[in-house]
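Here it is: the structure, laid out below.
The values are calculated or read from the model by the stated rules, or taken from the named source; none is laboratory data. Because the structure is a prediction, the values reported are computed rather than measured. Glycine gets a Cβ as well: all are built from the backbone with ideal geometry, and neighbour counts include every protein chain shown. Side chains are part of the model used for accessible areas, which takes the heavy atoms of the whole protein and leaves out ligands, DNA and RNA. Shrake-Rupley method; radii C 1.70, N 1.55, O 1.52, S 1.80 Å.
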Amino acid sequence: MSKIILCADDSVTMQKVAEITFKGTDFTYVGARSADEALEKARAQRPALVLADAVMQGKTGYDLCAAIKADAKLAGVPVIVLCGNSQAYDAGRGASVGADGTLSKPWDTQVMLEKVTEFLEKATAGGVAKP
């Protein structure tokens, strides 16, 4: 199984936080600054899990999730929508695009690693969400 964690977030700060979070772990961190860049990288590298910022310029994390779930080669990749203080998670929209869950940012490193492992185990055992 791939150990690549793809994080789509247009914030340079959050990209650095994500990189630091996964440094020194069994995961390989790959960053993307837009939904389009993330989708391109996902198609090229087939990550184990995608972290998608709910609020990005242009296409959002929800849009990225919908595109991943609509791609037959990527539909099995769990997508976690990241939400910050400025906007709460939209459960209805998340369900409609097939999001596998949500996490808050900024995050505690240990909590993030535990949650990522939990989402990966859940996906392995029972599959991923579908829109």
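Answer yes if at least one residue in region 24-33 is closer than 17 Å to T102 by Cβ and either surrounded by 17 or more Cβ atoms within 10 Å (Cβ to Cβ) or at pLDDT below 95 (or both), and no otherwise.
There is no residue in region 24-33 that is closer than 17 Å to T102 by Cβ and either surrounded by 17 or more Cβ atoms within 10 Å (Cβ to Cβ) or at pLDDT below 95 (or both).
Here is a further query. Using the structure shown, decide if D108 is more than 16 Å from L6 (Cα to Cα), over 11 Å from the mean Cα position of the chain (by Cα), modelled with pLDDT under 95 and surrounded by fewer than 21 Cβ atoms within 10 Å (Cβ to Cβ). Break it down stepwise before answering.
On the way: more than 16 Å from L6 (Cα to Cα): yes; over 11 Å from the mean Cα position of the chain (by Cα): yes; modelled with pLDDT under 95: yes; surrounded by fewer than 21 Cβ atoms within 10 Å (Cβ to Cβ): yes.
Yes; evaluated as a whole, the condition is true for this residue.
Working carefully through the options Y89, Y29, find the one that is in contact with an Asp or Glu (Cβ under 7 Å, 6 or more places away or on another chain) and aromatic (F, W, Y).
Values: Y89 fails: in contact with an Asp or Glu (Cβ under 7 Å, 6 or more places away or on another chain).
Checking each option against the conditions leaves just Y29.
So which of D63, D10 ends up being touching a residue at least 40 places away in the same chain (Cβ under 8 Å) and either surrounded by fewer than 22 Cβ atoms within 10 Å (Cβ to Cβ) or aromatic (F, W, Y) (or both)? Explain how you work it out, then say what you get.
Numbers: D63 fails: touching a residue at least 40 places away in the same chain (Cβ under 8 Å).
Answer to the selection: D10.
Got at least one residue in region 115-128 being farther than 22 Å from V17 by Cα, in a loop (DSSP other than H, G, I, E, B) and either touching a strand residue (DSSP E or B) at 6+ places or on another chain (Cβ under 9 Å) or not aromatic (F, W, Y) (or both)? Let's see the steps before the verdict.
Narrowing region 115-128 to residues farther than 22 Å from V17 by Cα: 121-128.
The next check asks that each one be in a loop (DSSP other than H, G, I, E, B); those that pass are 127-128.
Adding the requirement that they be either touching a strand residue (DSSP E or B) at 6+ places or on another chain (Cβ under 9 Å) or not aromatic (F, W, Y) (or both) leaves 127-128.
Within region 115-128, one or more residues are farther than 22 Å from V17 by Cα, in a loop (DSSP other than H, G, I, E, B) and either touching a strand residue (DSSP E or B) at 6+ places or on another chain (Cβ under 9 Å) or not aromatic (F, W, Y) (or both).
Residues of region 70-80 being crowded, with 22+ Cβ neighbours inside 10 Å and over 10 Å from the mean Cα position of the chain (by Cα), which ones? Lay out the reasoning, then the answer.
Residues of region 70-80 crowded, with 22+ Cβ neighbours inside 10 Å: 77-80.
Answer for region 70-80, where residues must be crowded, with 22+ Cβ neighbours inside 10 Å and over 10 Å from the mean Cα position of the chain (by Cα): there is none.
Give the residue that is most open to solvent (accessible area, probe 1.4 Å), with candidates limited to residues of region 81-104 that are within 19 Å of V17 (Cβ to Cβ) and among the polar types (S, T, N, Q).
Only one residue tops the list, namely N85.
Across region 35-55, what is the total count of residues that are touching a strand residue (DSSP E or B) at 6+ places or on another chain (Cβ under 7 Å) and either among the aliphatic types (A, V, I, L, M) or buried (at least 16 other Cβ atoms within 10 Å of the Cβ) (or both)? Let's see the steps before the verdict.
To start, the set of residues in region 35-55 that are touching a strand residue (DSSP E or B) at 6+ places or on another chain (Cβ under 7 Å) comprises 35, 38, 41-42, 45, 47-54.
Okay, now just the ones that are also either among the aliphatic types (A, V, I, L, M) or buried (at least 16 other Cβ atoms within 10 Å of the Cβ) (or both), so 35, 38, 41-42, 47-54.
Residues that pass the stated criteria total 12.
Tell me the strands (runs of 3 or more DSSP E) entirely within region 19-93 that contain at least 1 residues that are over 24 Å from L113 (Cβ atoms).
Numbers: elements: 28-32, 49-53, 79-83.
Qualifying strands (runs of 3 or more DSSP E): none found.
Cβ-Cβ distance below 8 Å, separation of 6 or more or different chains: which pairs start in region 97-111 with a residue that is over 19 Å from K59 (Cα atoms) and assigned to a helix (DSSP H, G or I) and end on one that is at pLDDT 90 or above and open to solvent by 20 Å² or more (accessible area, probe 1.4 Å)?
Pairs found: T109/I20.
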